[in-house]
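Below is one structure, written out as structure tokens; comments come after it.
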There are 2 protein chains.
Amino acid sequence: MKRIFVLGSTGSIGTAALDVIGSRPDEFRLVGLGANSSVGLLARQSGVFRPPAVWIGDKAAAGRFVCGNAAGGKGVFAGPESFPAALEKSRADIVLVAVSGAAALMPLMEILERGIDVALANKEALVMAGGRVMKLGAKNKARILPVDSEQSAIWQCLSCNPSRVFERIYLTASGGPLRGMSVSDLRRAGLREVLRHPRWKMGRKITVDSATLMNKGLEVIEAMHLFGASCDDIRVVVHPEAVVHSMVEFRDGSVIAQLSVPDMRIPIQYAFSYPDRLENIAGRLDFSRLGRLNFEKPDFRRFPCLGLAYAAARRGGTLPAVMNAANESCVAAFISGGIGFMDIPAVVSLVMEAHKDRGDGSLEAVFKADAWARQKAEYFLRRRRK
Amino acid sequence: MKRIFVLGSTGSIGTAALDVIGSRPDEFRLVGLGANSSVGLLARQSGVFRPPAVWIGDKAAAGRFVCGNAAGGKGVFAGPESFPAALEKSRADIVLVAVSGAAALMPLMEILERGIDVALANKEALVMAGGRVMKLGAKNKARILPVDSEQSAIWQCLSCNPSRVFERIYLTASGGPLRGMSVSDLRRAGLREVLRHPRWKMGRKITVDSATLMNKGLEVIEAMHLFGASCDDIRVVVHPEAVVHSMVEFRDGSVIAQLSVPDMRIPIQYAFSYPDRLENIAGRLDFSRLGRLNFEKPDFRRFPCLGLAYAAARRGGTLPAVMNAANESCVAAFISGGIGFMDIPAVVSLVMEAHKDRGDGSLEAVFKADAWARQKAEYFLRRRRK
């Protein structure tokens, strides 16, 4: 029986994870729920699972949290500083980190500091400080189990080789909702088109990242850290059907691929059950109905974010954190309707060019670069807002 | 340094294997060559590799074998009964069994009897007596390493799961050279069309089997024995590009696939180097150029041999051996121009229907059934010859 804490339980990954946990009562027990501010849904989840710990990031929102259980209020924790106490109370074996954006980094470090395994669905934390995160996990013997469908696929494919030595990683990309558009159409693309993702139902931030291919760029950097790869070992392949979730090529030219229906419950369950595999929860592929699978090169010209991510990966230091922070600002501005779709790569690029300081490798330097980049992005965004 | 004996060295798999061995002098040493009657090529191979043992199955052909080396004639062995002596002389660690047809069964048993690992490129031996072959290998701790590209793929995919428990095997089939033909065109199909295989360059027997889909049927039975599967766990999927060499589905709905360029040197090298992987010898896939991969259901009506193989697999006993022997007779008749393409499944089916005796599980019963089936096939073939 594995005790699981779900951090970010009200998002799309969090709710899928609760579905997995709820359907495997002999295998998993939910021992903690965490969310930032969606206290209505959090209260309903808490009423169903009755975990010993409930954590709410936003203190103001916590005041509105009404729930009879969670140890009669003794299990409810509010505010960022109370997260470690919630974690201790839960006595979790695994924490699913399904918070989106840079906000995941501090809780992730707290979890690894305590030697607790992490099922990681957030990519930004690794993009910002992958070296430090991986080192802390290794030092405290806490495993970092990938949940992202692509990273889970790579992880599964690598296990075919006892030495785990590989030649190349092929990271597949659905290409997002705007795959076929010309640059002039991309300039005019609105939020509604962008949120119409053809394969995956996800949160807004990641769906926008998926349309710009920044999501794939973040995954390149994530995979570098998770699997000890250089960015030149990682190739992005556009595969619109999103059936092949990624591939690994070995020295002898043999390529191992992982495929499944596009449902996040499959990689979530695998991260929880690893090294075992449990009963299928989300449907099986039907190869006789599948028809054809397409593969093509990504277009770095129409989707400049992918190239920006490779540039950040190559230069390293605090540049990936700067790119990520600028991207978060731009995506928020695009969602609120202030800027055009192609302003996202334009502003991220301007912020990256303006960044000179490589940092000293400390977490403080990362946070400083993050704050600097958000401020700089705001400056450039102001001049572009409609 | 692994010492390798190549049995069937003058065929397409054998020559590819010598290419692999010759290009890896630090890893492999050729210690034996074996062929039935192609003594010209065998002499040239022997001159290049200078193995301690050369075996020639056909005694009359052996008389024509001229070669200065092979320990000055002391290393040359002729006739079926001398195979064990050739084997002992070679002191091989692995024997590649690349002889086609039922003729591989006796040498295979001799090798396993001595506890020597086998790299198996022949499918008929497992079809005829898979249970006994696997048991003998297990008893003498001799590994049976698959060389067939599909079986090698399944073997590689299975290693992703520590317990090797699987839900289903997807055996891919290129569909052969006559994939798109109507039944009436199939009836008229001649040897020339059949031998024009779109993906693999192989011997005549296997190319005809590939066109009838009997090759895939034999592989279904082979996979049952190699991986402990029931025939209902194995599905055939037509995949004309022959890039995905097979797939395994696990309990959780996750499918692992193996892909490579269609070149037999890749699975041959893997069988020799297992569990390691050596440098690529035969080219790499280029996913940006690959375009599309197609998957479709096989048509059991146009290609009845596939259904016959499932029927034989289900009934077991000596029926798979009967089917195989009848098929060998029919393919030989088709190659020599005596019968039409659709006579192959028709006659195999008649022989299978006429077969009543299930045998007592002994090797003698298998050989008796094999001889009976060849005689019966000749009877039906006589009435159909043009």
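Only the coordinates and a few stated rules stand behind these numbers; no lab work does. Since the structure is predicted, the reported quantities are computational estimates derived from the model, not experimental observations. Cβ coordinates were reconstructed from backbone atoms using ideal geometry, including for glycine residues, and neighbour counts include every protein chain displayed.
Some notes on this structure:
- Cβ-defined net charge surrounding B:Tyr379, 14 Å radius [Lys, Arg +1; Asp, Glu -1]: +3
- Projecting the alpha carbon convex hull of segment A:1-159 along each direction and taking the average yields 8.9 nm².
- Segment A:153-288 - convex hull of the alpha-carbon atoms, volume per residue in Å³: 140
- Net charge in the neighbourhood of B:Val220 (other residues with Cβ under 11 Å of its Cβ; Lys, Arg +1, Asp, Glu -1) is -1.
- In this structure, A:Ser336 and A:Tyr379 have a Cβ-Cβ separation that, at R0 = 25 Å, corresponds to a calculated FRET efficiency of about 0.90.
- In this simple spin-label model, placing a label point 7 Å from the Cα along the Cα-to-Cβ direction at both A:Lys368 and B:Asp19 gives a separation of 5.9 nm.
- Burial order of peptide ranges B:138-144, B:373-379, A:104-110, A:240-246 (average beta-carbon count within 10 Å, highest first): A:240-246, A:104-110, B:373-379, B:138-144
- Counting DSSP beta bridges with both ends in segment B:2-146, the antiparallel % (nearest 5): 0
- Alpha-carbon centroid distance for the pair segment B:26-61 / segment A:245-262, whole angstrom: 38
- Counting every C-alpha pair in the protein assembly as shown, the share spaced more than 38 angstrom apart comes to 48%.
- With all pairs of separate Cα atoms included, segment A:316-386 yields a Kirkwood hydrodynamic radius of 11.9 Å.
- For chain A, calculated [θ]222 nm from helices alone, where every DSSP H run of n ≥ 4 adds -39500 (n - 2.57): -13500 deg cm²/dmol
- Chain B - percent relative contact order, Cα under 8 Å, separation 6 or more: 14
- Position A:Asp26, label points 7 Å along Cα→Cβ, spacing to each other copy in nm (shortest first, one decimal): 5.1
- Extent along the principal axes, Cα only, for segment A:271-322: 42, 31, 14 Å, with the longest axis given first.
- In segment B:23-115, Rg over Rh equals 0.94, where Rg is the alpha-carbon radius of gyration and Rh the Kirkwood radius from pairwise Cα distances.
- Unit Cα scatterers, Debye sum, segment B:242-385: log10 I(q)/I(0) for q = 0.14, 0.16 Å⁻¹: -0.90, -0.98
- Each other copy holds its own label point for A:Ala138; taking that point as 7 Å from Cα along Cα to Cβ, the gaps run 4.1 nm, nearest first.
- Translational diffusion coefficient (Stokes-Einstein; Kirkwood radius from C-alpha pairs) of chain A at 10 °C, 1.306 mPa s, in µm²/s: 74
- Taking the square roots of five times each eigenvalue of the Cα gyration tensor of segment B:1-67, the equivalent ellipsoid has semi-axes of 21, 11, 9 Å, listed largest first.
- Segment B:210-260: C-alpha gyration tensor shape, a/c 1.5 cut-off, then a/b vs b/c: oblate
- Alpha-carbon centroids, segment B:146-169 and segment B:326-346: separation in whole Å: 33
- Fraction of antiparallel bridges per DSSP, the protein assembly as shown only, in percent to nearest 5: 35
- Value of relative contact order over segment B:83-177, rounded to a whole percent, pairs C-alpha under 8 Å and six or more apart: 22
- In nanometers and ordered shortest first, the copy-to-copy spacing of the A:Pro80 label point, defined 7 Å from Cα toward Cβ, is 8.1.
- The P(r) of segment A:70-145 has a tail past 17 Å containing 42 percent of all C-alpha pairs.
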